[in-house]
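K.L.:
Okay, handing you the structure first.
The values are calculated or read from the model by the stated rules, or taken from the named source; none is laboratory data. None of these values were measured; they are calculated from a predicted model. A quick note on method: Cβ atoms are made from the backbone with ideal geometry, for glycine too, and the neighbour counts reach across all protein chains shown. Side chains are part of the model used for accessible areas, which takes the heavy atoms of the whole protein and leaves out ligands, DNA and RNA. Shrake-Rupley method; radii C 1.70, N 1.55, O 1.52, S 1.80 Å.
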Amino acid sequence: MSNSHNPVMNRMMAVDVQKNQQEVDAQFDKIVASQKMTVGGTAIKIFGLFLVLLAGALVAWNIEAVQGLLFPAVFVGFGLAMWITFSKKVRPAAVLAYAGVEGIVIGAISSMYEQAYPGIVMNAVLGTLTTAGGMFAAYSFGWVKVTSRFSRVMTFALIGYAGFGLVNLLVGMFTNSMGIYSTQYAWVAGLVGVGLAAFTLNLDFEDIAQGANRGLPRDYEWKAAFGLVVTMIWL
């Protein structure tokens, strides 16, 4: 915009430009505020994250060099998860990166187990999908009620299982074994872990439903999708 030779006119033009910009900003804020979280929008993001996860897993499954990145990927994935969880700002790029890194972790571990126990990976995938589908059906039909008491019990159970996992890891490091998973009681520990992961899915479903009902900002879809993907990876 060209300036006038009249300084008064220049000041008036500057005020008009500032006023117009404020109006544009106000309209933009209004549009953003009107974009609310929906179940459908969250489902799309979950689907996208699983595509990224699958891509990472396929790369690690087929490329031996990538399998060597297993342990770095574990630590990077954990760091991303902590950053996403405790960050006050929703970070879609970090969520997508997490899905890709965890895909590498899953692909590398799956390749190792498939070589030792042929057919185990397909059984694990089918078992995971079947369990997740069963939990979704149970939640949808109201067979599992996510109450405040249910949430508290699950929270304490998860803390307890995390403590058990840490102790088992330390025991395994000092005994050069897999801890309880090297004993005849491995199936018990595994069954408890699968059960907790399965019922944690109900917390994720409730989180998505309540977020949509409360009209949370659309950005929250990323955090809700992240939470469900984390549970599915664990399962």
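K.L.:
Select from Pro92, Pro217, Pro118 the residue whose mean-square fluctuation is largest in a Gaussian network model of the chain (Cα-Cα springs shorter than 10 Å).
P.N.:
Ranking Pro92, Pro217, Pro118 by mean-square fluctuation puts Pro118 first.
K.L.:
Scaled to the compact-protein estimate 2.2 N^0.38 Å, what is the alpha-carbon radius of gyration of the chain, rounded to two decimal places?
P.N.:
1.38
K.L.:
Comparing Leu96, Leu169, Leu49, which has the greatest mean-square fluctuation in the GNM of the chain with Cα pairs linked when under 10 Å apart?
P.N.:
Looking only at Leu96, Leu169, Leu49, the largest GNM fluctuation is found for Leu169.
K.L.:
What percentage of the solvent-accessible surface of region 83-175, computed with a 1.4 Å probe over protein heavy atoms, is contributed by carbon and sulfur atoms?
P.N.:
73 percent
K.L.:
So, one more: Below 15 angstrom from the Cβ of Gly40, what's the summed charge of the other residues (Lys, Arg +1; Asp, Glu -1)?
P.N.:
With Lys, Arg at +1 and Asp, Glu at -1, the net is +2.
K.L.:
List, in order, the whole-Hz ³J(HN,Hα) value for each residue of region 138-154 obtained from phi through the Karplus relation with A = 6.51, B = -1.76, C = 1.60 and θ = phi - 60°; use x for Gly and Pro.
P.N.:
Taking θ as phi minus 60°, the curve returns 4, 5, 4, 8, x, 6, 10, 9, 8, 9, 5, 5, 4, 5, 5, 4, 5 Hz for region 138-154.
K.L.:
Given the C-alpha atoms of region 127-197, compute the convex hull and give its volume per residue in Å³.
P.N.:
87 Å³
K.L.:
Using a 1.4 angstrom probe and counting only protein chains, how large is the accessible area of Ser111 in Å², to 10?
P.N.:
10 Å²
K.L.:
Mind grabbing the accessible area of Arg214 for me, 1.4 Å probe, Å², rounded to tens?
P.N.:
Number for this one is 150 Å².
K.L.:
In addition: Report the equivalent ellipsoid semi-axes for region 29-118 in whole Å, largest first, defined as the square roots of five times the eigenvalues of the gyration tensor built from alpha carbon atoms.
P.N.:
31, 15, 9
K.L.:
If you rank Trp143, Trp61, Trp222 by how much accessible surface each has, with a 1.4 Å probe, what is the order from largest down?
P.N.:
From most accessible down to least: Trp143, Trp61, Trp222.
K.L.:
Hey, any idea what the orientation-averaged projected area of the convex hull of region 82-150's Cα atoms comes to, in nm²?
P.N.:
7.2 nm²
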